[in-house]
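The values are calculated or read from the model by the stated rules, or taken from the named source; none is laboratory data. What you are looking at is a predicted structure, and each value in this text was computed from that prediction instead of being measured. As a convention, Cβ positions derive from the backbone with ideal geometry for all residues, glycine included, and neighbour counts pool all protein chains shown. The accessibility values were calculated without ligands, DNA or RNA, using every heavy atom of the protein model including side chains. Shrake-Rupley method; radii C 1.70, N 1.55, O 1.52, S 1.80 Å.
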Amino acid sequence: MTSELAFVISQVPVEETYPLRAKVLRNGGPPEAARLVGDDLPGVATYAARDVEGAVVGCVGLFPEPCPDLPDHPGEGWRIRGMATDDGLRGQGVGAQVLKAALDHVAAHGGGLVWCNARTTAARFYARHGFQEIGERWDDPEIGPHVRMWREVESG
């Protein structure tokens, strides 16, 4: 018998995502290790998926920021940062739903270019959601190999 994973997506204060971000993106470090420069700036939006017990099992941060590889692109630039899904729930739609919430946010705010510095292990996930690679891959000495990816979002 298969049970369907139940979770709810909502916009949340960024601090609520720090424990998951630290666990997944900072090798299990303390929650404060997951704080990103700019997390508290105006215009930044953070979305989380919560399970039936209220635990944050997925998250994404969305920052108004132009893409350095496409500086002349018309419209607003939005950068995805701090996207994480609980290890035991990958492949069950949590990441897809928090990403959808972020893309819906961009559409509701006039659309534009959405981009991220994706870990190479996540590049296929982003590609399945319409993102394409731009530029050369590189290795971040603290968190591993990355590639920049982007996609267009229409105004909604």
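Before moving on, here are some points about what is shown:
- Of the GluC sites (Glu not before Pro) found in region 62-156, those that fall in a DSSP loop while having at most 15 other beta-carbon atoms within 10 Å are Glu142, Glu154.
- The trypsin sites (Lys or Arg not before Pro) of region 49-156 that DSSP puts in a loop, and whose beta carbon has at most 15 other beta carbons within 10 Å, are Arg90.
- Fraction of accessible area attributable to carbon and sulfur, the chain (%, probe 1.4 Å): 51
- Charged-residue dipole, Cβ positions (Lys, Arg, Asp, Glu), region 10-72 about Cα centre, Debye nearest 20: 260
- Full-stretch length increase - Ala33, Ala108 - with 0.36 nm per residue and alpha-carbon distance subtracted: 23.9 nm
- Listed values for region 64-75 are Karplus-derived 3J(HN,Hα) couplings in whole Hz (6.51 cos²θ - 1.76 cosθ + 1.60, θ = phi - 60°), namely x, 7, x, 7, x, 7, 10, x, 9, 5, x, x, and x replaces Gly and Pro.
- In the context of the full set of protein chains, residues of the chain present 54 Å² of accessible surface per residue (probe radius 1.4 Å, heavy atoms only).
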